[in-house]
Structure formats: C-alpha cells, structure tokens
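Data first, discussion second: the structure below is written as structure tokens.
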Amino acid sequence: EHTYTLPLAEVVAAVSSHDINVGQTNPPVDGLLFHLGHSGAGVVSNALVTFETALVVPEHPAITDALFACDYIHNRHESADCSSSLQKKLVEDVINLATRSSDASITHAYIKFNADSTAYISMVRDILPHAPWTFHYRDSDTTLAKSTQANRNSCVFKRRQPSSFLAQKAILLGIDLDGMSQEDLCALYLSTLFEVATHEYENSDTGMLVPYAQLVEAGFITDVVLPFLGLQAEIDADPAMVSANVETTLTTKSNTRGVPGNKVQHWNANDEVIHISDKVRAASALFLGNAKAFERM
C-alpha cells in the first residue's frame, strides 16, 4: 500500500465541486454529543443510529486532532504560532467531510465527540451555533474510578499533552502536572471539562446537561433527549418501535472492544459494581468539588 498526502484545501474544493455538479446536499448537523467519558453518551449515540434518517459520526479521530491542533503545536514545539481562525476553518472542513452523505434519506447528522474534545465546545459552537448539544456526566467518584482503570486511563497522557484549559488551571493552582498522581491528574483533567461544559451551558440556549442517573430512567431518552435533538417527527411516526429500539440500546454495552468477535454484551446499569478506592475519593473531593455540588442540585 502507498500513502498519499494531499492538501486539505484541495480536497475540500474538489469535494465541494463534485457535490455541486451532482446536486448533492449534505445533511445538516442537528446534534452534538459531548461528555466526561463513561457517562452514557454512547447510549444516546447508539439510539440515534437506529433512526434510518440519521447519520452518526462517533469520535472521529480527524475531528479530535483538528480541535487539538493548536494545543499540540504549543505542547510539542513550545510555540504559540497557531492561527485560531485557520484552526477553526480546519475543524469546519473536517466536520463537513465527516458528515457527507450521498443517501438522500439521511436528513440529520450527529457528531459524538470524544471526552477530550469537551474542552473545545466553544470552538465547535462557533462553527455550528444553531446545533443542539448535550453534555453527559456522571457522579464524580464513579467517573474518576472508571477513568483511572487500566486500559481506560488515557487521561494520564494529559501530563504531556494538556489542553490550554488544563494547563492554565494548573498554573492558577500552582500545580506541576509532572508531580501529580494518576488520580489527582485525572481528577484535575475531568474538572476542566466539567467547568468548560457548564460555563458554555450557562451562556448558551442550545445546550442540555444530561446526568447519567436520569439517562437510564425509563422514557428519558425517548421523551426528552431525542426530541431535543430534532427527532420528534420520527418518534411520532412510530413511537412503539422507537421505544423498543431505545430499550435495546439501554441493555447493550456500547463498547465491545476486546470482546471475542465483538459479541453483543447485555447489561443492567443498576447491577454495575464499580470499585472506588480511597485515592479516587480523595482526588475527587479535592478537584471535583464543584461537580459534586452541581450533582446535588
């Protein structure tokens, strides 16, 4: 196999010209899913996939890389020479390419971002100001416990590659990221995502905060989340089928990586047992206090 590198601007121009020539109109982005990780965004993403009119783009690495581009340049090269306007154009182009569809029956496009991308909600909303967005979160102790489990603890890489928000918060608190334990580092990282999301929510009329505890309640996804994401007409067309599909997503694990043959695994959220260590509780109390206060509201 041979690898070819093409300037993105040329690719976008060629794709745009093709779409115009064939009369192709791509579906509008009607929903954005942000989350802390392990908090139910995958369940909603899976529910969206069951609609024949929906295209779902789940955690596309090109979108993540585009959002992180300027922070990567700063961290890797210790350079501030990165144009925010050019980066925004980069993200917009990548999103447009990722949400293309030649299927005329697709009338909605949705993007599920990875947890890291939550730090860049503001940039995404500048590009898609009218798209409804959700932020999925869970109780702080559980989120931190799951985020620090072996093979799930990608937050430790933020020691070398922090977002600008995480780096600024560390400076403000007088903390050296290199000297932090895994639990403390991941708790600090999660706290920045929570703060960015709630700040955006307070200054936006297009967002919805979705606590995990409500998400698993009967009817919440069908009656609240999906209509918010613009699917009321599809629900009204066949409410029984939609409810059945959502029930299936609630009892199916959204991530089957590592399972032989990627076989479907069934589960019950109420039966899930999560070990929360003393280190996790201490780190959560130290850095996720604001999140805990919000959870009690």
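Things worth noting here:
Conditions tested, residue by residue: (1) open to solvent by 70 Å² or more (accessible area, probe 1.4 Å); (2) at negative phi; (3) of a type outside the set (D, E); (4) modelled with pLDDT of 95 or more.
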site: F165; (1), (2), (3), (4): yes, yes, yes, yes
site: L172; (1), (2), (3), (4): yes, yes, yes, yes
site: D176; (1), (2), (3), (4): yes, yes, no, yes
site: C186; (1), (2), (3), (4): no, yes, yes, yes
site: L190; (1), (2), (3), (4): no, yes, yes, yes
site: Y212; (1), (2), (3), (4): no, yes, yes, no
site: L215; (1), (2), (3), (4): no, yes, yes, no
site: T222; (1), (2), (3), (4): no, yes, yes, yes
site: L231; (1), (2), (3), (4): no, yes, yes, yes
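- None of S85, S101, S79 is surrounded by 11 or more Cβ atoms within 10 Å (Cβ to Cβ) and of a type in the set (S, T, N, Q) except S101.
- Every pair of residues 6+ apart whose Cβ atoms lie under 8 Å, when the first sits in the range 58-69 and is under 9 Å from I95 (Cβ atoms) while the second is among the aromatic types (F, W, Y) and not in a helix (DSSP H, G or I): I63/F113
- Close pairs (7 angstrom Cβ cut-off, 6 or more residues apart or separate chains): under 16 Å from L90 (Cα atoms) in the range 2-19, outside any helix (DSSP H, G or I) and open to solvent by 100 Å² or more (accessible area, probe 1.4 Å) anywhere: none
A quick yes/no check of all residues on (1) among the small types (G, A, S); (2) in contact with a Ser or Thr (Cβ under 7 Å, 6 or more places away or on another chain); (3) modelled with pLDDT of 95 or more:
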site	(1), (2), (3)
N26	no, yes, no
G31	yes, no, yes
D65	no, no, yes
H77	no, no, no
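- Filter result (in contact with a helix residue (DSSP H, G or I) (Cβ under 7 Å, 6 or more places away or on another chain), open to solvent by less than 40 Å² (accessible area, probe 1.4 Å) and farther than 30 Å from S191 by Cα) within the range 1-42: V12, V15
The values are calculated or read from the model by the stated rules, or taken from the named source; none is laboratory data. All values derive from a computational prediction rather than experimental measurement. Counting neighbours? That spans all protein chains shown, and the Cβs are built from the backbone with ideal geometry, glycine included. Each accessible area value is taken on the protein alone, full model and side chains, heavy atoms only, with ligands, DNA and RNA left out. Shrake-Rupley method; radii C 1.70, N 1.55, O 1.52, S 1.80 Å.
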